[in-house]
Structures are given as structure tokens and as C-alpha cells.
2 protein chains.
Amino acid sequence: MEKEYVVGIDIGGQSAKIGLVNRRGEIIARKTMDTTKYGTNDENIFMNDLCEAISAMIQGAKTREGEAITMESVNGIGIGAPNGNFKGIIEDAANLPWAKGKTIALAEYISMRMNIKKVMVDNDANNAAIGEMIYGNAKGMKDFIEITLGTGVGSGIIINGELVHGADGFAGELGHVCAVRHNGRQCNCGKTGCLEAYTSAIGVARTAREWLDIDKSIETPLRSLEIITSKDVGEAAKAGDLFSKRVLEFTGEMLGSLFADFVSFSAPEAIILFGGLAKSWDFIAEPIKRAMESNLLSYWKGKVKILPSGLPDSDAAILGASALAW
Amino acid sequence: MEKEYVVGIDIGGQSAKIGLVNRRGEIIARKTMDTTKYGTNDENIFMNDLCEAISAMIQGAKTREGEAITMESVNGIGIGAPNGNFKGIIEDAANLPWAKGKTIALAEYISMRMNIKKVMVDNDANNAAIGEMIYGNAKGMKDFIEITLGTGVGSGIIINGELVHGADGFAGELGHVCAVRHNGRQCNCGKTGCLEAYTSAIGVARTAREWLDIDKSIETPLRSLEIITSKDVGEAAKAGDLFSKRVLEFTGEMLGSLFADFVSFSAPEAIILFGGLAKSWDFIAEPIKRAMESNLLSYWKGKVKILPSGLPDSDAAILGASALAW
């Protein structure tokens, strides 16, 4: 029997989203689990409930022709989780009480319980890269870098058609390369000057706040907000606010100048942007390209594409995880 | 018949060095060709002469037991050349008159003429990385970065046991990542602030000269030299000169802080230093490690090795090229 489906699972601190995905990247069944109720010692209860939820979802699913779908037509299960590692484990995930300070052998458990060979685990950014290659804007590409711009900045690096995991599985921490070497901002990771400290959602909001504090004469609708978010910056820019546009331009320039260094490393065909900030595409794409181009070695000038993700925003995590399982 | 040998060739503007290499990395026969006599349109004459030199070398070679060696026992031919590309070509090599502004299909020519299937071409830094993996200090490693510190700074990146070539074959230009973002030194590549502008042999000499010009009170034997070279700096450091030690310390710190970014990219098991500056190991190794460690994300601290190359200095280029052909 041909394996026509994969299961994609996105595990987070609030919920686990499960989807049954076909080869075209369509989610034909889904289920959501509340993950807030699992405490420190509940890893086995959580994994048991997860398996039951997968089974229930598949039992309720139907093919286009209205026929029942069974586990036999499922090629594998792909899972995205905080601190998920390609070795099939979750390792010390601070946001998941049952996985904090522990190594959870998630793939092994699910594989045994569900009687399915292929169960893959990785982190969100790596999954987004694989998802991009299978369903998104990197179809047919063998060398590209997916940059995820969210609360933090992550990345998944594809070289010669394969994810780069490195010697320990942690490769691709491009949010923590050094963007500003002297007097750089404090980053959540403990270092200073990281790219993430400037170009994550938090970094963008921080740029806006810092600039407003420095120059009291700047007029912008953002000034009246008690807390500025990157979403506020994006929306104000769309509404024509010049200050917000300048904040996004600065953010794009910083990304672009670092992208030139990434190109020196792996010579990708494209760098693809995924996540919240990518929604401000009209304001960051040009500054990114300009800054990258002016920092590239001559033989790369004009050759490296900067693209937005082709994954649908709401289901990207499920799709990305599912892509691991083809 | 078992293929017990490979041929390694190092093509440069002054000479081409050819060696017959066994599996242990021993060069059992060698030949050197003068390359200064080949002009703009002499690519075919050069390639013809090169093939004749290879044949002559093999005809003159003997096994340990004194038996003749034939082409049948040669597994392949590996070639290192300026602007050598893994596609088997030399592309617009400024230092080779017969390859300037042209694409020379070197591998194809030699393969046909010598009637041998496996003919590989790549650049020196990539070959050094492969050589390190087969004969040197990266034996058994699947993820490491070879940094070549010479007149320029190059690199060969190994991920999952394979050289990273990228979408176009030019990956691994780590000498041209940005080390100093503002008021950086002019680099030969046209950009400013490149790692190479500070940590190549020329960069080291420049640091010494700049510092001496800024502070006339510094006492060092280097001050009396009309032209300071990095070799002078290394030798003065070995003789106890504090100023030269400080120049090398600065160089090491700059390398180390960039190495932390390289680790964020590919999470290598080791970064291996090859070339002239690696001879000043006692003065640069500690600053490199210190600067790298203080810029690493927590899970890499104390885990990434910094090693000197294990390739014998004089024959590294032949060995590296030959390693391509196993």
C-alpha cells in the first residue's frame, strides 16, 4: 500500500497541534491538545495522551473519496518541539515542565506505541527549512538558508539537500552570530551584540523604544503606546509612519549585512525569511538586499535570492514537522 | 588490481608540484614543473606537458619491493589550483596567464589523455580540509572547519564528512566575513573589515606597522625593519619580544571571536589551523580559544577543539590535492 500521508506535530507550552498531511502539503485532518496540564513528572502521561490523540485523529480522517484512513497509509510522524533534536529527543526544554532538565526519548516512545518506524524530531527552524524545501519556496533547491524571525531568531541550513546538524545537532544558531561587536545589546542567551537582539520581534520593539527615548522630537503614533511591539511597528509602517519604516529599514540592513557573511559560509542559492517580521516584507526586503549586496564578494553579487517563506503562516509548524517524515 | 596510489598536483604561478601518494600519505615519487613559461594562449601546451610529467613520474616510480608502478594502480588524480573548482575546472585564475579570464576544463583533458576516470580539482583550502581528514588531525571527524592562514585567509568546511561547495562551488570564503563593521581595514577583495585584512600574513604585518606608527614609544626589534613581515613578528615573539606577542594575541583574539560565529553555523567538532601563522601556535592558540569561548553559546563552551594542522608543511598542497582522489 502506498504511503500517502504523514503526521506533523507541533509541540508547544500551550498546546500540541497535530495534523494529517498529504503529499501536496494539505492538512486533511487535525487535532489540538492542551499541554498546560502536564507537570514535572508527567512525561509519560503526555506521550501516552499524544499517541491517543494521533490515533483518534487518524480514525476520524477520510480520504477525498470518503474512505477511512489507517496507520498503514502513514509514512511517518514528524515532530517539532522546543529543544527538539534530530536524535529523536527533547533535551531540557525550559517551556515544557515535563521536559525541563531531562532528556525525553520522544521518537522511541511514539515509534513503539504507534508501531511506526519513521518518527523524526527536530526544532522549529530546522522543520521550517525542510517544510520550505518540500512544500514552499525552496522546492528544487539544494542549498538555502531559512531564517525564522519570531520572538527569537532561528535558522535551518540546507546544504546539498540536507539539513546541517553539525557534530552535536545544534548547528544553525544564526540568531546568535555577532552583529555588533562593541557595546552590543544584551541578548537573552547571555552574550552581547547577537543578531537576535536586534532583529527578533523583541529586538525591533527595542530599537523603536531606544530611538524614541534618545530623540524626544520624533513624532510617531508609537510614542503614545505604553508597550511597543514589533507588530505595532509593522502596522504603523503600513499606515505610512516614517519612523516605523526607518526602524524596519535598520532591521533589514542589519539582517542583510549578516546575510552576506552567511553567503561566504555556504554559498546558498537563496535566503528565505519566515515568521512575523516577514509580514513587513515591503519594508525590510529592499534594505536586506541592499545591505547584503554591498557586503558580498563580487562573484555572488546579484546571484543570491532573498525570498519570503511560501509556507502558509498558520499551519507552517505542522507542515514543517510533517515534512520530516517523507 | 587494487588501486594503491593517488596522484596529487599543486599548480601555482611558479611551479606545478606532482606527487605519487600511498594510502598512508607518504609521497613515494615526485616531480616539479616550471609553470612560468606558459603564456596567455598556452593552456593546451601546459596541460599536455603536465600529463607527460605525470607519466614520467609514474614510470620512474617503484614500490617498496622495487617493482614498477603503472597507471593501473592509480586510483585517481587530485589537483589543487588557484580558482580551481570542484566542477573540474580552473576559472579565471589571475596568477596563471593561460587561465586568466578563461574557463579551463582541466579534469576533462587529463582524464581523456591519461585514460583515468577520477580526476578532481578544487582550491587549496578545500584540499587542505580533505587532506586533514584523510592524513591529518581530522581523521575520523565528520564536522570540522579548516582555516588556511597564508597571504590570504581561506577555509574548507566539512559537514557530515563532505566538503561544502554551495550552490556555485564558492562556499567557504571565511576570510571575507566581516570582522570589523565600522572603519574596517580595506581588504584586497574590495570590501572593508574582512577577517583576512587582519589575520592573514599581510594583516599581521599591517597590525604591527600600524601600532608602531601610532605609538612611537613602543620598543621592539621590529621598529628597525624597513618592511615588517608576519614571519618577522613570529620570530620576534619567539625571541621574547612583548610587542610581537601582543600583535599575535590580537590576531588570535580576532580569529577566535569569529570562530564562535562559525560554530553557530555548522557546530563543528574542531577548527583546524593551517599555514604560516599556525607556526606561531604558542602565541595565537590561547587567545583564539579564550576569545572563542567567551563568544560561544553555552552548550558549545569547552566542546569545540582548536587544533594545528597535522599535514606536513612542505608537502601539504600535494597531499591535500591527492586526498581528493581516494
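Some notes on this structure:
- Relative contact order for chain B, counting Cα pairs under 8 Å that sit 6 or more residues apart, in percent: 20
- Cα-centred dipole magnitude for region A:196-306, charges only on beta-carbon of K, R (+1) and D, E (-1), debye, nearest 20: 260
- Structure-based [θ]222 nm, chain B - -39500 (n - 2.57) summed over DSSP H runs of at least 4, per residue, nearest 500: -11000 deg cm²/dmol
- Ranked by how many other beta carbons lie within 10 Å on average, peptides B:143-151, B:157-165, B:99-107, A:3-11 from highest: B:143-151, A:3-11, B:157-165, B:99-107
- Debye-sum result for region A:1-75 in log10 I(q)/I(0), which assumes one identical scatterer on each alpha carbon, at q = 0.19 Å⁻¹: -0.77
- Percent of beta bridges antiparallel (DSSP, the protein assembly as shown, rounded to nearest 5): 60
- Placing a label point 7 Å from Cα along the Cα-to-Cβ axis, A:Arg209 is separated from the same position in the other copies by 4.8 nm, shortest listed first.
- Share of carbon and sulfur in the accessible heavy-atom surface of region B:235-326 [1.4 Å probe, %]: 55
- Using all pairs of distinct alpha-carbon atoms, the Kirkwood hydrodynamic radius of region A:194-255 works out to 11.3 angstrom.
- Calculation over all alpha carbon pairs of region A:67-162 in 10 angstrom steps from 0 returns a P(r) of 15, 37, 34, 14, 0 percent.
- Copy-to-copy label separations for A:Asn183, where each label sits 7 Å from Cα toward Cβ, in nm and ascending: 1.2
- For chain B, the longest principal axis of the Cα atoms and the long axis of helix B:43-60 meet at an angle of about 70 degrees.
- Cross-link partners for B:Lys305 among the aspartates and glutamates, with Cα-Cα distance under 14 Å and sequence neighbours closer than 8 places in the same chain left out: A:Asp168, B:Asp143, B:Glu146, B:Glu269, B:Glu286, B:Glu293.
- Computed FRET value (nearest 0.05) for B:Arg24 with B:Glu226, which takes r as the C-beta separation and R₀ as 41 Å: 0.35
- Note on A:Trp211: accessible area approximately 60 square angstrom, rounded to 10, probe 1.4 Å, nucleic acids and ligands left out.
- Considering region A:97-225, its Cα convex hull presents a mean projected area of 12.3 nm².
- When a 1.4 Å probe is rolled over the protein heavy atoms, the share of accessible surface on region B:1-73 that falls to carbon and sulfur comes to 43 percent.
- Distances between placed amide hydrogens fall under 5 Å for B:Ser155 paired with B:Thr148, B:Leu174, B:Gly175, all partners being 5 or more residues away or on another chain.
- Remark: label point of A:Thr229 defined 7 Å out from Cα along the Cα-Cβ vector; separations to the same position in other copies 6.3 nm, ascending.
- Other-chain or far-sequence residues with amide H under 5 Å of B:Met120's (modelled H): B:Ile77, B:Gly78, B:Ile79
- Value of Rg to Rh for chain B (Rh from inverse mean 1/r over Cα pairs, i.e. Kirkwood): 1.00
- Compared with the alpha-carbon gap, the fully stretched path from B:Lys118 to B:Asp92 is longer by 7.1 nm at 0.36 nm per residue.
- Sorted from greatest to least, the principal axis extents spanned by the alpha carbons of region A:251-326 come out as 38, 28, 16 Å.
- FRET efficiency for B:Gln59 and B:Lys3, using Cβ-Cβ distance with R0 set to 22 Å, rounded to 0.05: 0.80
- Residues of type lysines that B:Lys117 reaches as a straight line, Cα spacing below 25 Å, ignoring anything fewer than 8 places off in the same chain: B:Lys3, B:Lys17, B:Lys31, B:Lys62, B:Lys87, B:Lys102
- Cα gyration tensor shape of region A:92-138, rounded if a/c is under 1.5, else prolate or oblate by comparing a/b with b/c: oblate
- Interface area, chains B and A: about 3000 Å² of buried accessible surface, summed, with a 1.4 Å probe and ligands, DNA and RNA left out.
- Probe 1.4 Å, all protein chains present, accessible-area order of A:Lys279, B:Lys305, largest first: A:Lys279, B:Lys305
- In the structure shown, the pairs A:Lys303/B:Lys301; B:Lys216/B:Lys289; B:Lys37/B:Lys100; B:Lys142/B:Lys303 are assessed against 24 Å; a Cα-Cα span above that value is assigned to A:Lys303/B:Lys301; B:Lys216/B:Lys289.
- The 3J(HN,Hα) values that the Karplus relation (6.51, -1.76, 1.60; θ = phi - 60°) gives for region A:149-155 are, in residue order, 10, x, 4, x, 10, x, 7 Hz. Gly and Pro appear as x.
- Two-decimal Rg/Rh across region A:153-280, once Rg and the Kirkwood Rh are taken from alpha-carbon atoms: 1.01
- Taking the DSSP bridge list for chain A and keeping only pairs wholly inside it, about 60 percent are antiparallel.
- On a per residue basis, chain B carries 43 Å² of accessible surface, using protein heavy atoms and a 1.4 Å probe.
- Placed amide H near B:Thr192: partners under 5 Å, 5+ positions off or other chain: B:Cys187
- Dipole magnitude of the protein assembly as shown, debye to nearest 20 (Cβ charges: Lys/Arg +1, Asp/Glu -1, about Cα centre): 120
- Karplus-derived 3J(HN,Hα) values for region B:77-85, using 6.51 cos²θ - 1.76 cosθ + 1.60 with θ = phi - 60°, are 10, x, 10, x, 8, x, 6, x, 10 Hz; glycine and proline are entered as x.
- In terms of overall dimensions, the C-alpha atoms belonging to the protein assembly as shown reach 76, 69, 46 Å along their principal axes, ordered largest to smallest.
- FRET efficiency for the A:Asn41 to B:Ser294 pair, using the beta carbon distance and R₀ = 30 Å, is estimated at 0.20.
- Along the axis of the charge dipole computed for chain A (Cβ charges of +1 for Lys and Arg, -1 for Asp and Glu, origin at the Cα centre), the listed residues A:Asn44, A:Gly166, A:Met33 are led at the positive end by A:Gly166.
- Interface residues in region B:245-276 - accessible area drops by 50 Å² or more relative to the isolated chain, probe 1.4 Å: B:Asp261, B:Ser264, B:Phe265
- Debye intensity ratio I(q)/I(0), log10, region B:1-143, q values 0.10, 0.16, 0.17, 0.18 Å⁻¹ (C-alpha model): -0.33, -0.84, -0.94, -1.05
- Using alpha-carbon coordinates, inclination of helix A:242-266 to the longest axis of chain A, degrees: 60
- Inter-label distance, B:Asp34 to B:Asp215: 4.9 nm, where each label sits 7 Å from its Cα along the C-beta direction.
The values are calculated or read from the model by the stated rules, or taken from the named source; none is laboratory data. Owing to the predicted nature of the structure, the values given are computational and were not obtained by experimental measurement. Cβ sites come from the backbone with ideal geometry, for glycine too, and all protein chains shown count toward neighbours. Each accessible area value is taken on the protein alone, full model and side chains, heavy atoms only, with ligands, DNA and RNA left out. Shrake-Rupley method; radii C 1.70, N 1.55, O 1.52, S 1.80 Å.
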